[in-house]
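Laboratory data are not the source of any read-out in this text; all were calculated from the coordinates shown. These numbers were taken from a predicted model, which means no experiment stands behind them. Glycine also receives a Cβ, built like all others from the backbone with ideal geometry; neighbour counts cover every protein chain displayed.
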Amino acid sequence: MNTPMNTRIALTVGPVLYYWPRRTLLDFYAEVAESPADTVVLGEVVCSRRHEMKAEDWLALARDLAACGKEVVLASQALLESAADLRALHRWADQTEFLVEAGDASALRALAGRPFVLGPHINVYSQPALREHAALGATRWVAPVELALDALALINPPAAPVIGGPTNDTPVTTEVFAFGRLPLAFSARCFTARHFHLSKDQCAFRCIEHPDGLLLDTTEGQPFLALNGIQTQSAAQHCLIADAPALRAAGVTRARLSPTSRDFATVVDLFDRTWNGPADAAEAASALAALSLPGGLVNGYAHRRPGLERMPA
């Protein structure tokens, strides 16, 4: 079926990728509970050494958000490095209250046979690959961040979406990473610790001092990347707020907004009022650019251009 051009685009608040203090996290999600976001993804996806929130804390928060009418998804780590990481994965896979997002291929076996979400770090770049994952139980696909919007329509065509789920009768929905610093890569090394001349195992949790990552400039002084523990991100904020027509044409029905430490409630509100209300896209883009968000706005990947470019809608 084709996606109508006035179909509501559901908004997903992605997992907090940074190491924030517990109180900061709880205050942030209290604000999210009052926002127009439809779905909230919870859990530590970057580094298992971050310990402000335990599994039971995330579950309690998930129940609170669900009581506020939010769909809650529990996300697994994108890079598993130990038996403890594997146990944490199975902790999510064994519970049945909430949908789980597979952070990497190691989660697929644990989740097979039940509905789950394919996270953006699972390498799905073709329709046969998406069909293979749908046969395991995937009912939602968060596309890799570097895929162009027209490529999404080839992988999961809006007129004939891939069918998946445990009963093989559920159309797989497409979600895109629509706002935030792009998560580009993970490494067994902790680059934040290395920046401070510390070992990974004795990092002193220095990443908690950088609530939006640690900016890395080129030799010419231009913002280039952001370091976030073992994760490397773009310096700029990927932003598709002016691209709603192209999203709908590609069959996208869900969009992920990645949390920032400042002005995130305004970000969610602007996306909702622009995509699902009467707000003007150009004015909303200008309003976002005027916020105190680090790195500026880009959308090159969505248009088959270098990711650092900003293309008009």
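So here's what we get for this one:
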{"quantity": "Candidates ALA138, ALA188, ALA246, ranked by Gaussian network fluctuation over the chain, Cα under 10 Å, top entry", "calculated": "ALA188"}
{"quantity": "Relative exposure of PHE196, PHE224, PHE177, judged by other C-beta atoms within 10 Å (fewest first)", "calculated": "PHE196, PHE224, PHE177"}
{"quantity": "Order of MET311, MET53 - criterion: other Cβ atoms within 10 Å of each residue's Cβ, fewest first", "calculated": "MET311, MET53"}
{"quantity": "Under 5 Å, built H, 5+ apart or other chain: amide partners of HIS238", "calculated": "GLY180, ARG181, LEU182, VAL298"}
{"quantity": "GNM flexibility winner over the chain from GLU175, GLU146, GLU56 (Cα, springs under 10 Å)", "calculated": "GLU56"}
{"quantity": "The chain - Rg over Rh from alpha carbon coordinates, Kirkwood radius", "calculated": "0.94"}
{"quantity": "Sorted by Cβ neighbour density within 10 Å, fewest at the top, the residues LYS70, LYS200, LYS54", "calculated": "LYS54, LYS200, LYS70"}
{"quantity": "Segment 278-313-segment 12-82 distance, computed between alpha-carbon centres (Å)", "calculated": "26"}
{"quantity": "VAL73 long-range amide H proximity, modeled H, under 5 Å", "calculated": "VAL40, VAL41, LEU42"}
{"quantity": "Residue with peak Gaussian network fluctuation, the chain [Cα springs, cutoff 10 Å], from SER234, SER76, SER106", "calculated": "SER106"}
{"quantity": "Whole-Å distance, taken between Cα centres, linking segment 155-183 and segment 119-138", "calculated": "9"}
{"quantity": "Relative contact order computed over the chain (Cα-Cα under 8 Å; 6+ residues apart), in percent", "calculated": "20"}
